[in-house]
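Read the structure below first, then the notes.
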Amino acid sequence: MAVLNDEQVMLRDMAREWADNESPVGAFRKLRDAAVPAGYDADAWRAQAEMGWAGVVVPEAYGGSEFGFLSLGLVLEQLGRNLAATPLASTAVAAMAIALGDDEAVKQQWLPKIAAGEMVATLAVDEGPVHNPAKIATSMSGGKLSGTKAFVAEGDSAALFIVAATDGLYLVADDKGVTRSTRHMADARSHAEVTFAGAPATRLGGPDLTANIIDRATAAACAEMLGMALQAFDTTNDYLKTRVQFGQPLASFQALQHRMAKIFTELELMRSAVEGALEAIDAGRSDVDQAVSLAKALANDTLHLASREMVQLHGGIGMTDEHDAGLYLKRAAVLQAMWGNAAYHRERFARLNGY
């Protein structure tokens, strides 16, 4: 478990309190039923920005707090516990792409606006049904970007796109040449297919920057998954302690105790790996790619286990839409595929280690 400083503890506790009081799972359910086009509550996003979360990874010189990626992960974990629909992860990763880029004018223009929560930004990478950054056809010609990104989180509402092309990352900040087509996914969150047809774009950096930013996006997803898995465990554990069958609580049956014990031990491993990846990013270590792939492989497996056990151990009620279990299961399915499934990251980890 990561050792947190006083500021990080305060940030984590504030995020947890806000999520519990202002963004419980019921808030997401209401948002889903209302089918809000943006996929998130604009008032909630403004509140998050006012608390400084939009600028957690933005350098102080551009209006952010520069608390680091571990701090961002702490916030995303707490929001993930309650399935809070927020563009925070995608916007923060886009901000990091700009901050690590080569263009100072771009930093001056966009980072203060992102830190203030004035706009939503996102990362557009994948062009096929599965994550594969090696297969990118989007290209730049004459200052214009052309290509189609199949699955872009927050693609419905983003005002700023960080786009992976064959030769690096580009920033697209104008709707000219940009077409969005909403994708209706299982998790009822914002996803869109975005087509760039001669869209004006500014270069941020080369392929190395692309790889670095994808790792950061993957780590952010892992932080949300950690929060979800922890809450799935806690909700299921509470249910087993209170639900009585055959005259005694379900938690008294040894077979169910063993199943919960397995989830608990996997959660501890998951936390260690996820926080390790976040700390590796902050430290600028050379093995960030390995740490991120390890974290995502474990996060995928553990959330898969926790979300499915949540459904099964709740019995019949767990299969209904009225219970929250299905909401965790559906969001888990999307996050497990986003930025690479467990098999992808196991293969990548092996390859990075020379196997």
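The values are calculated or read from the model by the stated rules, or taken from the named source; none is laboratory data. For clarity, every value in this text was computed on a predicted model and none was experimentally measured. Cβ: placed from backbone, ideal geometry, glycine included. Neighbour counts: every protein chain shown. Surface areas here come from the heavy atoms of the whole protein model, side chains and all, with no ligands, DNA or RNA. Shrake-Rupley method; radii C 1.70, N 1.55, O 1.52, S 1.80 Å.
Shape class for region 6-126: oblate, because the ratio a/c of the largest to smallest gyration tensor axis (alpha-carbon atoms, square roots of eigenvalues) is 1.5 or more and b/c is at least a/b. Karplus-derived 3J(HN,Hα) values for region 232-247, using 6.51 cos²θ - 1.76 cosθ + 1.60 with θ = phi - 60°, are 4, 5, 4, 5, 5, 4, 4, 5, 5, 6, 9, 7, 9, 9, 6, x Hz; glycine and proline are entered as x.
Can you check what the net charge comes to around residue 185, using other residues whose Cβ is under 10 Å from the Cβ of residue 185 (Lys, Arg +1; Asp, Glu -1)? The partial results should precede the final answer.
Numbers: positive: 183, 189, 330, 331; negative: 187.
Around residue 185, the surrounding residues sum to +3.
Could you state the number of Å between the C-alpha centres of region 313-329 and region 126-148? So the separation of the two Cα centres works out to 38 Å. Computed on region 17-106, with alpha-carbon pairs under 8 angstrom and 6+ residues apart, the relative contact order is 33 percent. Relative contact order of the chain: 16 percent, from C-alpha pairs under 8 Å at least 6 residues apart in sequence. The magnitude of the dipole of the chain, with charges of +1 and -1 set on the Cβ of Lys/Arg and Asp/Glu and taken from the Cα centre, is near 1000 debye.
Distance between the C-alpha centres of region 21-56 and region 90-106: 23 Å, rounded to the whole angstrom. Within the straight-line cut-off of under 30 Å between alpha carbons, the lysines reachable from residue 241 are 30, 262, 330, sequence neighbours fewer than 8 places apart in one chain being disregarded.
Determine the sum of side-chain charges near residue 263: Lys and Arg each +1, Asp and Glu each -1, restricted to other residues whose C-beta is under 14 angstrom from that of residue 263. It would help to have the intermediate numbers written out before the result.
Working: positive: 259, 262, 271, 308; negative: 234, 238, 266, 268, 301, 309.
Local charge sum for residue 263: -2.
Solvent-accessible area of region 313-355 (1.4 angstrom probe, protein heavy atoms only): carbon and sulfur portion equals 61 percent. A crude spin-label estimate for the pair residue 166 and residue 352, with each label 7 Å from Cα along the Cβ direction, gives 2.7 nm. For region 107-249, carbon and sulfur atoms together expose 49% of the accessible surface, with a 1.4 angstrom probe and every protein chain in place. Solvent-accessible area per residue in the chain equals 43 Å², computed with a 1.4 angstrom probe and all protein chains kept.
Around residue 129, with a cut-off of 14 angstrom between Cβ atoms, what is the net charge of the other residues, counting Lys and Arg +1 and Asp and Glu -1? Write down the numbers at each step before the final one.
Details: positive: 135, 149, 183; negative: 126, 127, 193.
Once all neighbours under 14 Å are counted, the net charge is 0.
Compute the Cα gyration tensor for region 128-198, then decide on rounded, prolate or oblate, letting a ≥ b ≥ c be the square roots of its eigenvalues: rounded whenever a/c is under 1.5, prolate when a/b is larger than b/c in the other cases, and oblate in all that remain. It comes out oblate by the Cα gyration axes. Length available on full extension from residue 248 to residue 137: 0.36 nm per residue minus the Cα-Cα distance, which gives 34.0 nm.
Can you give me the distance in nm between label points at residue 197 and residue 255, each placed 7 Å from the Cα along the Cα-to-Cβ direction? Reported label-point gap for residue 197 and residue 255 is 5.9 nm.
Once you have a ≥ b ≥ c as the square roots of the Cα gyration tensor eigenvalues for region 180-298, tell me rounded if a/c is under 1.5, and otherwise prolate or oblate according to whether a/b is larger than b/c. Mind showing how you got there, number by number?
Working: a/c = 4.79, a/b = 1.84, b/c = 2.60.
Since a/c reaches 1.5 but b/c is at least a/b, the shape of region 180-298 is classed as oblate.
Pairs of Cα atoms under 8 Å, at least six residues apart: use those to get the relative contact order of region 219-355, whole percent.
Details: 146 pairs, mean separation 40.0, N = 137.
So the answer I get is 29 percent.
Placing pseudo-labels 7 Å out from each Cα toward the beta carbon at residue 183 and residue 35 gives an inter-label distance of 2.0 nm.
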